[in-house]
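Before any comments, here is the structure.
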Amino acid sequence: MSAREDHEQQPVVVIFRSAVFNASERFIQDQAAALTRWRPLVVGLERKGEVVPRLREAIVAKGVSERVAFHLRGRGGRIEAELRAACPALIHAHFGTDGLLVLPLAQALGVPLITSLRGYDVTRSDGALLRSGRPIWIRYALGKKRLQRDGALFLAVSDALRDRAIARGYPEARTFTHYNGVDLDRFQPDATPRELRLVLHVGRLVEKKGTKVLIEAVAKVADAKLIVIGDGPLRTALEQQARELGDRVRFLGELSADEVAQWMRRASALAAPSVTAADGDAEGLPNVVVEAAASGLPVVGTRHSGIPEAIEEGVSGFLVPEGDAGALAARLAELLGSEPLRRGMGVAARRLAERKFSRQLLTARLESIYDEVARFDRQAPA
């Protein structure tokens, strides 16, 4: 059998994301592109950014009218017609908001729906969702019980998020933890000399990332330098806050995954000082923490949501309380001041990533989940 014939015989999983894809959501693409036994077909309502080559054969709404029609019905039109022709075995939606949106389509096609829960879709209060003014968030606040009832399976990106999801009404028997995983080849240590006293921070510049607290902490650590990778609504305010530190803080904006990996091989430490935002928004488990571990880069993070699941306290990194700039500064200073400590924690971090967050292992597990949910019998005769 040729590679093309093998590809065409693979069962199809629809990867549904209303925005294909937000710049900060490369982890969704990476997870889908890593599939080996299932063929991913991306479906969305709006093109927002670059799509990796394997996922470019996507079905995306054409124009505002088609997008609005889908929002109103959750099915129908060209998208449903093309999906019927593709004969998918299941749909995998990302974020509860999109799970609820695509549920009518899954039901119309007669296929199970898996929904990944990733953070705000579990942690934001219904009141905050209703006050957001975003129609898809408002719909979710009002209708998520239908998703909880009719969705086939829910995958939370950390144990901490799973616990919160169950507390918010997701069924315990159908809600499991499934980590995103990391490409251990892209993110790995090498012989690149690390820059002394360089702290790296990567993430969308929103309140829950704790960047404001980090800048306060860096100001307390003599000679520490901070590289901030990412963009977002708080960037201007954060740049103003950091102005008094001069060239000790640099904002680089959005960078590619390969560029982020290069910085992780250069830095001495990564800071992940996430906090719970005023509206309840919180992390699931920031991918950057796992990527740093794979890169042999020790992390100072907060005891926030799933972060402690990716840092062995005192072994691969340090954990500090949320919002505590003094504690964050003290741990950063301790780490930056000891090359043997950094080296030992870096080795432990890489081992943790290999043991717990290997994308290859987690992809195999995800495809087994697909098999079970779709009741796809791999042993059936051709």
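Points worth noting:
- Exclusive hit being crowded, with 19+ Cβ neighbours inside 10 Å, under 23 Å from ARG342 (Cβ atoms) and touching a strand residue (DSSP E or B) at 6+ places or on another chain (Cβ under 6 Å), set ILE229, ILE215: ILE229
- Qualifying residue in the range 126-149 (condition: of a type in the set (Gly, Ala, Ser) and under 20 Å from LEU366 (Cβ atoms)): no
- Qualifying helices (runs of 4 or more DSSP H) (wholly inside the range 7-117; at least 3 residues being in the same structural domain as LYS145 (by TED's automatic domain parsing) and over 19 Å from the mean Cα position of the chain (by Cα)): 63-73, 77-86, 96-109
- Failed item in (1) closer than 18 Å to MET264 by Cβ; (2) of a type in the set (Ser, Thr, Tyr); (3) loosely packed, with under 13 Cβ neighbours inside 10 Å, with SER338 passing the rest: (1)
- Test: residue in the range 199-208 that is out of contact with any His (no Cβ under 8 Å at 6 or more places or on another chain) and in a helix (DSSP H, G or I): yes
- Subset of the range 301-328 (residues that are under 19 Å from LEU226 (Cα atoms), crowded, with 22+ Cβ neighbours inside 10 Å and in contact (Cβ under 8 Å) with a residue 60 or more places away in the chain): THR302, LEU328
- Annotation note: Cβ proximity below 6 Å between a residue of the range 331-344 that is in contact (Cβ under 8 Å) with a residue 24 or more places away in the chain and farther than 23 Å from VAL213 by Cβ and a residue that is surrounded by 14 or more Cβ atoms within 10 Å (Cβ to Cβ) and of a type outside the set (A, V, I, L, M, F, W, C) (sequence gap 6+ or interchain) occurs for no pair.
- Number of positions in the range 230-267 that are part of a loop (DSSP other than H, G, I, E, B), of a type in the set (A, V, I, L, M) and more than 19 Å from GLN29 (Cβ to Cβ): 2
The values are calculated or read from the model by the stated rules, or taken from the named source; none is laboratory data. Given the structure is predicted, the values throughout are model-derived calculations rather than measurements. Don't worry about glycine lacking a Cβ; one is built from the backbone with ideal geometry, like all the others, and counts go over all protein chains shown.
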